[in-house]
Amino acid sequence: MVRLWLFLHLLGFTMWLGGSIGAMFAAIAAKVETRQGLGAVVRAQASVQRLIIGPGALITVLSGLMLTLNVNSRFGEPETAGPWLMVMQVTGLIAGLLTLFVIVPTGARLARMDPETHAAAFDRLRKRVRVVAMASGTLGLIALLAGALL
């Protein structure tokens, strides 16, 4: 059963970070777009967030919790598993919660807005998604590094 949870954890992590990196590069490429073109890019990013990034983050967090319960039942106290496991768990959980409760809903709200008529609110929400996604991505990469060092 541990192998199934580990497979789901790696699959979810790949979906989550891979989709996030793709959305990031789409945002970088969209800097030269007009306001209408920017709306199309944001709608595409919201679809990626809803169909790939969100489910990947959810699968990763849930399978990570199941693996944590299994590790605690195998090794006893969490301290015996090592500090890198704790770093991976804490940073991954925070990044997952940011993704699920801030990035995906804000991206969906952003996709429903017209970038020309609601320019100020559109830019404000876009900046929020950018900042939180940067923080979540950094935490996700720290979790990946901690998992590799584990």
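The values are calculated or read from the model by the stated rules, or taken from the named source; none is laboratory data. The shown structure was predicted, so the numbers you read here are calculated from the model rather than taken from an experiment. Here Cβ is always computed from backbone atoms with ideal geometry, including for glycine, and neighbour counts include all displayed protein chains.
Assorted remarks:
- Yes/no for ILE53 being surrounded by 14 or more Cβ atoms within 10 Å (Cβ to Cβ), farther than 30 Å from ALA121 by Cβ, under 13 Å from the mean Cα position of the chain (by Cα) and at pLDDT 95 or above: no
- Residues of the range 22-46 that are of a type outside the set (D, E, K, R), free of Cβ contacts under 8 Å to residues at least 60 places away in the same chain and part of a helix (DSSP H, G or I): GLY22, PHE25, ALA26, ILE28, ALA29, ALA30, VAL32, GLY37, ALA40, VAL41, ALA44.
- Scanning the range 110-120 for residues that are surrounded by 14 or more Cβ atoms within 10 Å (Cβ to Cβ) and not in a loop (DSSP other than H, G, I, E, B) yields LEU110, ALA111.
- Count of the range 8-36 residues, restricted to those that are loosely packed, with under 15 Cβ neighbours inside 10 Å, farther than 21 Å from THR99 by Cα, out of contact with any Asp or Glu (no Cβ under 7 Å at 6 or more places or on another chain) and of a type outside the set (S, T, N, Q), is 4.
- Checked against (1) in a helix (DSSP H, G or I); (2) in contact (Cβ under 8 Å) with a residue 12 or more places away in the chain, ALA148 passes all but condition (2).
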